[in-house]
Amino acid sequence: QLRRAVDEQPYAVAIAGAPGVYGGKMAFWTQLGLLLWKNFTYRRRQKVQLLIEIIWPLFIFFILMSVRLSYPPYEQHECHFPNKAMPSAGTLPWVQGIICNAHNPCFRSPTPGETPRAVGNFNESIAYRLFNDAERLLSFSKDSSIKDVSLVLTKVLKFGEFVSGIKVQDFLVVNETFSEFLHHNASLSQPDIDEILNAEVNLQQIITSGYRISVEDLCNLTKLPKVVAIKNGSRALICSMPKEQLASLERAFQNNMDFIKPLMKRIPFNSALEDVKGTLDMLTQSLGNFIKELASMKSWSDMRQEVMFLTNVNSVSSSAAIYQSVSRIVCGHPEGGGLQIKSLNWYEDHNYKAFFGSNSSEDDAVNFYDNYTTPFCNNLMKNLESNPLSRIIWRALKPLLVGKVLYSPDTPVTRTIMSEVNKTFQELGVFHELGGMWEETGPKIKKFMEESQEMDLIRVLLKSEQVWKQHMVGSRWSWEEVAQFLAKHPEDVGPVNGSIYTWRDAFNETDRTIMTISHFMECVNLNKLEAVPDEGWLVSKSMELLDQRRFWAGIIFPEIAPKSVDLPHHVKYKIRMDIDSVERTNKIKDKFWDSGPRADPFDDLRYIWGGFTYLQDVIEQAIIRTLTGSEKKTGIYVQQMPYPCYVDDIFLRVMSRSMPLFMTLAWIYSVATIIKGIVYEKEARLKETMKIMGLNNGILWLSWFISSLIPILMSAGLLTFILKIGNLFPYSDPSVIFLFLSLFGVVTISQCFLISTFFSRANIAAACGGIIYFILYLPYVLCEAWQNYIGFYVRIFASLLSSVAFGYGCEYVSLFEEQGIGLQWNSFFERPVEEDNFSLTIAVFMMVLDSFLYGLMTWYIESVFPGQYGIPRPWYFPFMKSYWFG
């Protein structure tokens, strides 16, 4: 009969609980069993509903798994940081440090600055190597043998026009083919050939300008007497040749000529030539060594390559490639320029977003026009502000370059201190004077290269292949490339190995670079210091300068009296800066610990990039020099401690805030189903009917609890499996996670029972119940947003909502995961946050307490407001003796 009743109407099985069927304890288990059978039979018939109830939570977490695959844990290697040079360390290390540490790179191996008795980090940079190579080249200027160029010229000029015994044939190479060419190709007779080869040559002209002598000179009556003494008959034969044949004769002449051959062989009858030969030997040896030394220096070619890349930058060029190029020039960092450093908590750092995000302040910076500087500087600033990467470097350098430093009070002793401070900034003035110095020396260098007899002599020497081959063994340059590089006229240049690079290219590139630096230095305000009477004036003036974007800092000496001329032995001073340029003082450390060093350059190192430490260094150095009278400097570097390897998991940190939301969405369908089933019994009068037939109300609620808990536990078990294999909670013990989710399932069921007491229509209850369940999650969002402002008792009060308590629990589980510990049985009662009164244990306790409170409230409300068909009890019924004892 019961089975037929189930087939006709599952809810009618409550008849099995009628009095008299069973008694006592047996009646309890029989009623409970039949109610569970009824509920399970109903669920078995609603297969789609049951499938959705189990699959829907899994679907949400499958999406999380796919997101996790896109954001795996980042295994950060150990971090070693370059040291930061202070101004006292020197201008070049200081400027290099500002640029190269703009993003505070970390490296796998110790940096040079961490080595004892070593401070330099940029020895591999192109700029550093270029300075070293320049010093090596300057050392050659002290070599007396280089002056042999002028000595050779002096001795040659003493020869006069012609030296007895020096003829054309003396300049021909061994196994020459020039005479054969004259005989077969030019059809000259042997007497004419002999006359040409035996003609006397002006050695002075050959040595000083032989590189420009050609066959055509024989046809020039003005040049001919100065070069060679040849009869008119032979000259007429050569000049009457067709143009093509004359060009062929020219090539044969150049290929067979060695202009310094007579000087390199022993000529016993001329002691003057012997003297020149000795000097020439030393000269070629010195020049060969110089060229080999120059060829071994790759810094100039590396610099040229990087500069060419930067000058050809366009919109297609990536910011990373541009910064790597700058890094190679200035920094020389290993490991790809130090760009392997991870993004440090970027999602938590509003200041980082201020640097990289697009907001109104950035648009204002791009469109801001500074009337205190040149149009070139305004255009440069606009370009720097428009690119995210250059914006980092520019904002780090901007206070140094254009910022004003105010100081107070204005007394003789403070002026003395600040004059010492100003020396640091005046050292940068050498770059400002560079353009003027180049405008003076550049034309002289160009004139020397084009018109000097010394360079002409070197070009003549480069015509002798036999001389240079022996001096350039092992060099990566050939003598032809050197000759092409030093060519006097552009038309003298021919392609060598497919490329042509001459001293004119080097000169023009140097000119552009120096003039660019000179224009850039127009943007630098070297007159930084300005005195004001007192601190009030300083604040007022600072506000004006901040509006003009020209404020760096204010220096106040509070204990120096007006008109004071003596500096006290204990000097106190204050540095006042814009709040955005220094670290905020409303917190001393992060509330939640996470793995990783305090290495975010835009939040953790504000004292560095904001310029506070730089000013502190120069002021203290100035005070020391003023007090001691000593000009000796002690260079200061600051070194950040290295940090061991760790795992950084952005996904976990984000999910710790989102896990309660996902669980709320995951079980929202189950909540609606449970509420609808409970309210439907009340709406269809089945509940009252079963109670009339002898069903105990507690057994009914227990049956609903068990039948609702089993799908929830199945869902929690599958979710635990997904959380583990999906690497969402990789370190936690799955049994503890299952217990945690099961507790939330229990309190959620209790919450459903409570919500069901407020409705008498099943469909409305299902719709509104899901909405109420979701709304009860929203206070956790507010608690998370105000976590720094709410105390322990407020969190306890908010945790009376089970979603809030569960949210706090998820937060602590994620903190354990971030620390690489995970939620374990032995860490269940530990606190992952130092000095935090709240904990996972309290959150779990609050969920258990919430379950009890929701059940108690359900019992009370259902008794007082049983619905349309129930019999209400008075509000004070818990205090009635008849309720408890009959």
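Residues in the stretch 566-579 that are surrounded by 10 or more Cβ atoms within 10 Å (Cβ to Cβ) and assigned to a loop (DSSP other than H, G, I, E, B): LEU567, PRO568, VAL571, LYS572, TYR573, MET577, ASP578.
Only one of these is surrounded by fewer than 23 Cβ atoms within 10 Å (Cβ to Cβ) and within 48 Å of the chain's Cα centre (by Cα): LEU686, LEU718, LEU709. Name it.
Exactly one of LEU686, LEU718, LEU709 is surrounded by fewer than 23 Cβ atoms within 10 Å (Cβ to Cβ) and within 48 Å of the chain's Cα centre (by Cα), namely LEU718.
May I ask you to verify whether VAL813 is surrounded by fewer than 16 Cβ atoms within 10 Å (Cβ to Cβ) and either of a type in the set (A, V, I, L, M, F, W, C) or in contact with a Leu (Cβ under 8 Å, 6 or more places away or on another chain) (or both)? So VAL813 does not fit the description; no.
Can you find a residue that is in a helix (DSSP H, G or I) and at negative phi anywhere in the stretch 72-84? For the stretch 72-84, residues in a helix (DSSP H, G or I) and at negative phi: absent. Taking the stretch 87-134 as the range and being of a type in the set (Gly, Ala, Ser), over 19 Å from the mean Cα position of the chain (by Cα) and either closer than 27 Å to VAL307 by Cα or at pLDDT below 80 (or both) as the test, the residues that pass are GLY90, ALA118, GLY120, ALA127, ALA134. Within the stretch 169-194, which residues are part of a helix (DSSP H, G or I), more than 14 Å from ALA252 (Cα to Cα) and touching a residue at least 40 places away in the same chain (Cβ under 8 Å)? Listed by number, the residues that qualify are ASP170, ASP192. Within the stretch 412-427, residues that are closer than 14 Å to GLU631 by Cα reach partners that are of a type in the set (Phe, Trp, Tyr) with beta carbons closer than 9 Å, at six or more positions or on different chains, in the pairs ILE417/TYR407; ILE417/PHE557; ILE417/TYR573; VAL421/TYR407; THR424/TRP94; THR424/TYR614. Which condition number in (1) in contact (Cβ under 8 Å) with a residue 60 or more places away in the chain; (2) assigned to a helix (DSSP H, G or I) is the one that ILE55 fails? So ILE55 meets the others, but not (1). Residue check: is ILE99 β-branched (Val, Ile, Thr) and free of Cβ contacts under 8 Å to residues at least 60 places away in the same chain? Spelling it out, it is not the case that ILE99 is β-branched (Val, Ile, Thr) and free of Cβ contacts under 8 Å to residues at least 60 places away in the same chain.
Just one residue in the set GLU544, GLU583, GLU509, GLU522 is touching a Lys or Arg at 6+ places or on another chain (Cβ under 8 Å) and either farther than 30 Å from ALA487 by Cα or hydroxyl-bearing (Ser, Thr, Tyr) (or both); that residue is GLU583. Test TYR808 against the criterion of being over 30 Å from TYR680 (Cα atoms) and either in contact with a helix residue (DSSP H, G or I) (Cβ under 6 Å, 6 or more places away or on another chain) or part of a helix (DSSP H, G or I) (or both), and give yes or no. Yes, satisfied. The helices (runs of 4 or more DSSP H) found entirely in the stretch 591-707 include none that carry 3 or more residues being among the aromatic types (Phe, Trp, Tyr) and without any contact (Cβ under 8 Å) to a residue 12 or more places away in the chain. Residues that are crowded, with 18+ Cβ neighbours inside 10 Å and assigned to a loop (DSSP other than H, G, I, E, B) were ranked within the stretch 293-340; the one that is modelled with the lowest pLDDT is HIS333. Taking the stated definitions as given, is LEU723 closer than 13 Å to PHE61 by Cβ and surrounded by 19 or more Cβ atoms within 10 Å (Cβ to Cβ)? Answer is yes for this residue. Only residues that are outside any loop (DSSP other than H, G, I, E, B) and touching a residue at least 60 places away in the same chain (Cβ under 8 Å) were counted across the stretch 823-851, and they come to 5. Against the test of being on the phi < 0 side of the Ramachandran plot, in contact with a Leu (Cβ under 6 Å, 6 or more places away or on another chain) and among the charged types (D, E, K, R), the options GLU834, GLU818 yield a single qualifying residue, GLU818.
Scanning the stretch 416-444 for residues that are surrounded by 14 or more Cβ atoms within 10 Å (Cβ to Cβ) and either touching a strand residue (DSSP E or B) at 6+ places or on another chain (Cβ under 8 Å) or among the hydrophobic types (A, V, I, L, M, F, W, C) (or both) yields ILE417, MET418, VAL421, ASN422, PHE425, LEU428, PHE431, LEU434, TRP438.
The values are calculated or read from the model by the stated rules, or taken from the named source; none is laboratory data. Bear in mind that the values here come from a model prediction, so they are computed numbers and not experimental data. Backbone-built Cβ (ideal geometry, glycine too); neighbour counts: all protein chains shown.
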